[in-house]
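What follows is a single structure, written as structure tokens, with notes after it.
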Amino acid sequence: MKRVILVALGCAIALLLVPSGASAAQEVGGCQLDGTASFAPGLNNNAQAFNYSFHGSLSNCNSSQAGAPTSGTVSAGEAVTIGGQQFQEPVPTGNGGCASSTTAGTAIATWADGTQTVISYSTSGAAAAVQLQGTVANSVTLQAINPQPGQPTSTTVTTTRYAGDSAQGLLTFQPPDPTACNTPAGVTSATISGLVGLGSSS
């Protein structure tokens with residue numbers, strides 16, 4: 001049985017899902033993603049190494065999987081609170097600038113029913129058009145931020161929904177001031193909105 005389920009992936013909007021072996025009878029669904037990405041240092045017209053983080057909300061989700069949640073959140077490279085303690089998600093990295101770039105990272109989607117999806121991804125592209133490829137990972141380990149005596153120094157987030165899925169698609173993002181690419185500080189944030197997805201066949 002083949003299925004396609006559109007879910008969240010960090011730093012993505014307008015994702016066109018094309019899983020291998022897709023058939024015309026295959027059902028599809030989707031989530032609306034609205035969020036923000038932050039870059040350090042900012043992206044400008046000079047290629048350089050950079051880090052970034054992302055967080056967003058997922059809404060109006062449709063799925064070929066019965067009982068799948070219709071909303072959730074997604075983040076990458078953020079400080080998150082788990083069990084009353086703060087942990088750091090792995091920070092995505094990239095190289096390039098406004099004209100072109102490549103990145104790699106891990107995003108965590110948390111669904112309204114409490115299930116989670118860990119997504120390992122990479123991107124490459126030019127300007128606002130970016131090609132993304134990713135796979136659902138079994139888990140990711142987060143390091144504790146300033147743990148107190150007796151507190152754990154790390155925690156593991158495990159995929160509990162959409163295990164084994166993969167994703168590929170076209171991403172875009174919109175900085176509030178595109179002319180910032182021409183400045184030394186560059187683009188330090190971008191608004192993210194649109195459709196995002198994952199898919200699998202079996």
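When the stretch 51-107 is filtered for residues that are modelled with pLDDT of 90 or more, surrounded by fewer than 21 Cβ atoms within 10 Å (Cβ to Cβ) and among the hydrophobic types (A, V, I, L, M, F, W, C), the ones remaining, listed by number, are ALA79, VAL80, ILE82, VAL91, ALA104. Taking the criterion of being surrounded by 14 or more Cβ atoms within 10 Å (Cβ to Cβ) and closer than 27 Å to ASN95 by Cβ, the residues of the stretch 113-126 that qualify are THR117, VAL118, ILE119, SER120, TYR121, SER122, THR123, SER124, GLY125.
GLY150 meets all of the listed conditions (1) more than 23 Å from ALA49 (Cβ to Cβ); (2) assigned to a strand (DSSP E or B); (3) among the small types (Gly, Ala, Ser) but one, namely (2).
Scan the stretch 32-69 for residues that are over 30 Å from ALA180 (Cα atoms) and in contact with a strand residue (DSSP E or B) (Cβ under 9 Å, 6 or more places away or on another chain) and the total you get is 9.
Residues that are in a strand (DSSP E or B), closer than 24 Å to GLN88 by Cα, within 16 Å of the chain's Cα centre (by Cα) and touching a residue at least 60 places away in the same chain (Cβ under 8 Å) do not occur anywhere in the stretch 164-182. Scanning the stretch 160-184 for residues that are of a type in the set (Ser, Thr, Tyr) and within 30 Å of LEU198 (Cα to Cα), we see that the one that is surrounded by the fewest Cβ atoms within 10 Å (Cβ to Cβ) is THR160. Among the candidates VAL157, VAL187, the residue that is under 24 Å from SER120 (Cα atoms) and crowded, with 16+ Cβ neighbours inside 10 Å is uniquely VAL157. Looking at VAL74, VAL91, just one residue is among the aliphatic types (A, V, I, L, M), touching a residue at least 24 places away in the same chain (Cβ under 8 Å) and either more than 21 Å from ASP165 (Cα to Cα) or not in a strand (DSSP E or B) (or both), and that residue is VAL91.
Against the test of being in contact with a strand residue (DSSP E or B) (Cβ under 8 Å, 6 or more places away or on another chain), within 26 Å of CYS61 (Cα to Cα) and not in a loop (DSSP other than H, G, I, E, B), the options THR188, THR141, THR135 yield a single qualifying residue, THR135.
Per-residue answers, yes or no, for (1) within 21 Å of THR191 (Cβ to Cβ); (2) touching a residue at least 40 places away in the same chain (Cβ under 8 Å):
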residue: SER101; (1), (2): yes, yes
residue: ALA112; (1), (2): no, yes
residue: GLY134; (1), (2): no, yes
residue: THR141; (1), (2): no, no
residue: THR158; (1), (2): no, yes
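Every residue, every condition in (1) modelled with pLDDT of 80 or more; (2) within 17 Å of the chain's Cα centre (by Cα), yes or no:
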| position | (1), (2) |
| --- | --- |
| SER120 | yes, yes |
| THR123 | yes, yes |
| LEU132 | no, yes |
| PRO147 | yes, no |
| TYR162 | yes, yes |
| GLY186 | yes, no |
| LEU195 | no, yes |
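The values are calculated or read from the model by the stated rules, or taken from the named source; none is laboratory data. What you see is a predicted model, and the numbers here were worked out from it, not measured in a lab. For neighbour counting, all protein chains shown are included, and Cβ atoms are generated from backbone atoms with ideal geometry for every residue, glycine included.
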